[in-house]
Each structure stands twice: as structure tokens, then as C-alpha cells.
1. So if I average 1/r over every pair of distinct C-alpha atoms in segment 141-276 and take the inverse, what Kirkwood radius in Å does that give?
2. Quick one: grab the alpha carbon gyration tensor of segment 257-330, order the square roots of its eigenvalues as a ≥ b ≥ c, and give me rounded if a/c is under 1.5, else prolate or oblate depending on whether a/b is larger than b/c.
3. Going by alpha carbons, how many degrees (0 to 90, nearest 10) lie between the helix axis of 106-119 and the longest principal axis of the chain?
4. Could you give the radius of gyration (one decimal) and Dmax (whole number) of the Cα atoms in the chain, in Å?
5. Quick query: amide H of R368 versus all other amide H atoms, modeled in the peptide plane; which residues come in under 5 Å with a sequence gap of 5 or more or a different chain?
6. Sort out for me the Cα centre separation of segment 258-285 from segment 340-399, rounded to whole Å.
7. Would you please give the residues with an amide H less than 5 Å from that of N251, counting only those at least 5 places away or on a separate chain, with H modeled from the backbone geometry?
8. Report, by chain and number, residues whose modeled amide H sits under 5 Å from the one on R384, excluding near sequence neighbours (fewer than 5 apart, same chain).
Amino acid sequence: MEAVERRPFYLYSKPQITRNVEAYKEALEGLNSIIGYAIKANNNFLILQHLKNLGCGAVLVSGNELRLAIRAGFDPTRCIFNGNGKLLDDLVLAAQEGVFVNIDSEFDLDNIVSAARIAGKKVNVLLRINPDVDPQVHPYVATGNKNSKFGIRNEKLQWFLDAVKSYPDELKLVGAHCHLGSTITKVDIFRDAASIMVKFIDEIRAQGFDINYLNIGGGLGIDYYHTGTVLPTPRDLIDTVRELVLSRNLNLIIEPGRSLIANTCCLVNRVTGVKTNGTKNFIVIDGSMAELIRPSLYDSYQHIELVSPPSPDSAVSTFDVVGPVCESADFLGKDRDLPSPASGSGLVVHDAGAYCMSMASTYNLKMRPPEYWVDEDGSVAKIRHGETFEDHMRYFEGL
């Protein structure tokens, strides 16, 4: 089958996707809620259809993600449009479809008002408030502190409330939103943010707004290190905010991406060879930063292991696992203790379901690989064709 003949490729577990969603659904029992899957994490169309069938809504950060969500069958009234630079044409589509829209700035509010007028529809909006809470993660994935480009400043809240009041035909304020960051492993951070947010909701309600939604964003981390560390579960997360939500009779919106999809997939590679330069050993594989950019982008760790058993006399050494892309930043793991593999051996990078294929590129004209999943019955099915050189050339036909 192609999964054997062409490397690298992504291999997902459909049952694991289901289990991850069910963990959130069970945690949310007793609350009115929306599980808004963050499409930016992984936008495979068949995966989206599966998540929709499991009852998820969708979180969108572009017009094309909105179009994809609609094509996949998501209920637009269970979709949330985020972003600090939403474009007018995309906002018009959001207004027409009836999705929730988060207000992120003064100009964003102006564009949403314009979109509502063009569409002839009142838009249900949430104020994205920057709570200035440190999520204790890499700065590139922190979104809820005062230096972030996302959200409105706390001290500007009254200005935005007054502005929303001045557009009664275009805007209906229905809730408040915050997003702290990604790879968060301390759920008390969510509780701290929710405590701040419900105080804002009290203040907003006191001014006559009938708002019923609290959106606490996403960002729950996973065990990338595979060390057996016990990390917070969806239930741990929801339990930290449950009483706050119930005390204000709110509908809770959460926006998981990574925690729904990351641990459902591995990137399967083949070893090209082993080399040593000076004191550094390298395992060179056919996969690269083009297929899995997280380590190069913000020095993230993803667990790596060999598929093929090593020969009995194969000693364990410390390697950097690197690809063929012409960049020194092209690594998938550094300083990994592994048996020295033979050329052609299989090597997998775990937890590749989130921010891997969705951020893949064709740098060095490495064509984006195919995707497969293991179905409930154990069969393997292709869920995305691998790209080819001829696909690339089609962009130039007729020019």
C-alpha cells in the first residue's frame, strides 16, 4: 500500500480522536457548553467531519476555515470566529452565516459593524478581554498577557461597552472571551482567568447587557515527553471553572485543538543514514521541518523512537534527528539516546496531530505527505492524498 511505499506520512487513530472528544463531553456534563474544535490545529476535512459528527462546534481564525467548517457540516451557530486581524470579506461571510464573532480591537469592532451592515444581519459578538494572566509557557504560544497582540486591554472595557451600545442594529453582545495560550499544564491558571472574567461579566451585566456566554479558550497541554508525568485531564480543567460558570448561569465555550488531536497521530519516516561530524552524531531521515516544524519553530520536544528493532550489537548513542532540508534549523529532535539504526529503518515522531500537517510547507519542494487513519475496525484508510510534483506545476498552467 502507499503508506508503506511513500514516506514520510501521517498516521492517525480515529478511535483516539473519539476518545479525546468523549473525555471533554463527559467533563462538561451538567453544563451548557460548546466544544469548539480549533481548526487551526489540524484542518483535514475527514477529521473535521468526524469531529462534527461527535457534536463539536468549530473555532475559526480565517475566512477559509469558516468555509471549510461550513463544507464539513458544522452548525454555524456553534462556531466562533477569532483573530486579531479579521478581514472585512471574511466578517461578511461570518455575519451571513450567524457565527459568534470575537471583538479584538477598535478597528475590529468597526469592521464587524461594517460587515453586519453589508450582510443585513445583527452579529452575536463576544469581547475578547486580555486578562493579563501568565500561562507559564513558551512566549510564542502565550496569548493572554499584556504584551500579546490579542484581545482588548482591561482598562478599555468601558469604551468597548459604550461602542457596542451605539450599534444596536448591528451588534448583540452575548459574552466575554479570553485565551491564555497553548501547552498549558497547570489548570489553576484557567481558574484564575475565569475568576477575572466572571467579574467582568458581572460588570457588563450591571450595565444592562444580557450576556450568557463565557469563552475560556483552549490551550490544555499534552504529554509530549512520554515520561509518565500525570498531566491535567479535560475533567481537571472543567472542574476548576465549573462552580464559577454555574454561579453566573453561563454557557461555557471551550476551544480545544491540541488536546483533541495531537496525541492521535505520528509522523512515520524512514532513516536515510547515520553520520558523525566532530562530536555530534546525526540520524538523517526523509521527514523534516517541512512536515513537522514545531521543534524548529519554538524548540518544542516531540518523542521519537525507532520502529525497526536494532541489531543485537547496535550500541545506544546520542543523536540529533534531522531531515534533508537545507537549513540548520531542520531538526525533529536533539540529543536523543537511540540505538544506531540501519539505513531504511522506520522512525516515528509521536504526537504529530496538531500544528504539524496544518503548518506543513513545500520548502525545498518537499511535497506535503499523505495522511491515513486507523479506523475503528483496525483497517487503514487514506484520508488525504499526498501532493506530487505535478500538483505543483498545475499552479503555472495557462500563464
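1. Computed over Cα pairs of segment 141-276, the Kirkwood hydrodynamic radius comes out at 17.3 Å.
2. Because a/c hits 1.5 or more and a/b fails to exceed b/c, segment 257-330 counts as oblate.
3. 80 degrees
4. 22.7, 76
5. The list, which skips near neighbours in sequence, is E387.
6. Each part's Cα centre sits 15 Å from the other's.
7. It is Y213, L214, by chain and number.
8. Here the answer is E371, since their amide H atoms fall under 5 Å of that of R384.
The values are calculated or read from the model by the stated rules, or taken from the named source; none is laboratory data. Nothing here was measured: the structure is a model prediction, and the numbers come from that model. FYI the Cβ positions are ideal-geometry reconstructions off the backbone, even for glycines, and counts take in every protein chain you see. What goes into the accessible areas is simple: the full protein's heavy atoms, side chains included, and nothing from ligands, DNA or RNA. Shrake-Rupley method; radii C 1.70, N 1.55, O 1.52, S 1.80 Å.
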